[in-house]
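S.K.: Questions regarding the structure given below will be posed in turn.
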Amino acid sequence: MALNKITDLSETAASNIDIAGIGILGSNSPSNFDNALRAFGSMIAKVDRGTDPVRDTWTFADPADLTKRFRFDGGNVTAGQTRVVTIPDGDVTIPTGTLVTEAATQTLTSKTLTSPTITTPTLTLKQGASEAPTAEGDVRWDSDDNRLVIGDGAATQTFTPNPASTAAGDIEYYTAANVKARLAKGTAGQRLRMNSGATAPEWTSDGLLTSGTAQATTSGTAFDFSSIPSWVKRITILFSAVSLSGSDSILVQIGDSGGLETTSYDSGSSITNAGGTGSFASTSGFILAVDANTRLASGQMTLCNISGNVWIASHASQTSSAGATAHGGGSKTLSAVLDRLRITRTGTDTFDAGSVNIHYD
């Protein structure tokens, strides 16, 4: 077989009997050696140009100590492929251990990535059930509490994920030491409070000052306000230039789910003007003295729940006639929770002017 390539040559000198088929034995023509030398130069040039490869068994050595050797191994290259190792414009020191490669899956230990670009979307952090790093910049995943933990150089900072489906206006709170939940935003005017079990915040309209709908008292004999919430502890009844057709006084009656109650009130009102003082009492409701059809009463009566179903009343008003003022109070125990009230009169008069409304909280 002709020795056409560098890799065809043998380590045994006697086996190298030709160069590219040109015999170089002592019995060959002397002109063969001239042709063989030129053929050998061609073989070297093909290696230099990359036309013909050399085996990866070629070994390099430290010029100061030829026992310090290294070589390249192409065993993992796909058959028929040529792989290129590109050397950067600078000195390179290959570290001890496994080199970082582009395609292989590797675990990096004590490696520093300077301005890296991560193109694969999955980045897996070191994780465990009770991760608590303190070294600055040490980032880990606490798989027990499902949270990010980062060392700040002295302690561990924790970052708990947001609850799902958050929206603008939501409030976050913790249901456990490391578990976040969301409270969706409330409606306009609501306030935040702790729930009855003292376990979580909630929105409520309880305790807010709520206004009823004003009613004109230009005619009629009674004006009702119903559906008063059970949490109400105070009701303010507002009178604006209210007038009656005769000498009756204004009467406020309260009630519960069983209806308005018209008995067992302990109520009184005194009216004072330049001519003296007059006193009035009623057991049919909380009385506010007016005492003349020429008087337009403006003022307020306040009802307060002192305990249980016990309500107390106080009032103060002024009339447009002769500078008269009225003041007084009373009490009433309902049979159940208050949910309604009525503004009426003590006798048979009709209303003929003004308006009324209520506020409650």
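Each value in this text was obtained by applying a stated rule to the coordinates, not by laboratory testing. From a predicted model like this one, the values you see are computed outputs, not experimental measurements. FYI the Cβ positions are ideal-geometry reconstructions off the backbone, even for glycines, and counts take in every protein chain you see.
S.K.: Calculate the translational D of the stretch 163-290 in whole µm² s⁻¹ from Stokes-Einstein, where the hydrodynamic radius comes from the Kirkwood formula applied to all Cα pairs, the temperature is 25 °C and the viscosity 0.890 mPa s.
M.R.: 127 µm²/s
S.K.: On alpha-carbon atoms, Rg over Rh for the stretch 1-157 using Kirkwood Rh? Can you show the working numbers first?
M.R.: On the way: Rg = 27.8 Å, Rh = 22.1 Å.
Using Cα coordinates only, the ratio equals 1.26.
S.K.: Roughly what would the spin-label model give for Leu25 and Arg234, points 7 Å off Cα along C-beta, in nm?
M.R.: 12.7 nm
S.K.: Helix-only mean residue ellipticity at 222 nm, the chain, DSSP H runs n ≥ 4 weighted -39,500 (n - 2.57), per residue, nearest 500. What is it?
M.R.: The helix contribution divided over the chain gives -2000 deg cm²/dmol.
S.K.: How tilted is helix 30-49 with respect to the longest principal axis of the chain? Cα atoms for both, answer in degrees (0 to 90, nearest 10).
M.R.: 10 degrees
S.K.: A further question on this structure: Let me know the Rg and Dmax you get for the stretch 211-361 when you use only its Cα atoms, in Å.
M.R.: So, for the stretch 211-361, Rg and Dmax equal 14.3, 44 Å respectively.
S.K.: Looking only at trypsin sites (Lys or Arg not before Pro) in DSSP loops with at most 16 other Cβ atoms within 10 Å, what is the longest site-free stretch of the chain?
M.R.: Here the longest segment lacking exposed loop sites spans 234-361.
S.K.: In addition: Just to be sure I understand the model, the point goes 7 Å from the Cα along the line to the Cβ. What's the resulting Phe70 to Arg83 distance in nm?
M.R.: Those two pseudo-labels are separated by 1.6 nm.
S.K.: Sticking with this one: Where does each of Leu148, Leu192 land when they are ranked from fewest to most other beta-carbon atoms within 10 angstrom?
M.R.: By the 10 Å Cβ count, ascending: Leu192, Leu148.
S.K.: If you don't mind, another one. Leu125 to Lys180: FRET efficiency via 1/(1 + (r/R0)^6), r the Cβ-Cβ distance, R0 25 Å, to the nearest 0.05?
M.R.: About 0.80, to the nearest 0.05.
S.K.: Taking the Cα centre of the stretch 1-69 as origin, sum charge times position over the Cβ atoms of Lys and Arg (+1) and Asp and Glu (-1), and report the length of that vector in debye to the nearest 20.
M.R.: Magnitude of the dipole: close to 120 debye.
S.K.: If you don't mind, another one. Could you give me D for the chain, from Stokes-Einstein at 4 °C and 1.567 mPa s, where the hydrodynamic radius is the Kirkwood radius over C-alpha pairs? Units µm² s⁻¹, please.
M.R.: Approximately 41 µm²/s, per Stokes-Einstein.
S.K.: If a paramagnetic tag sat 7 Å from the Cα of Ala168 along the Cα-Cβ line, which residues of the stretch 178-213 would have the backbone N under 11 Å from that point?
M.R.: Output list for this probe position: empty.
S.K.: Compute the relative contact order of the chain as a whole-number percentage, counting only Cα pairs closer than 8 Å that sit 6 or more residues apart in sequence.
M.R.: 13 percent
S.K.: Among Val92, Ile19, Gly41, whose Cα projects farthest towards the positive end of the dipole of the chain, with charges put on the beta-carbon of Lys, Arg (+1) and Asp, Glu (-1)?
M.R.: Val92
S.K.: Another question, if that's okay. Can you tell me how much longer the chain between Thr57 and Thr109 gets when fully stretched, taken as 0.36 nm per residue apart minus their C-alpha distance, in nm with one decimal?
M.R.: 15.6 nm
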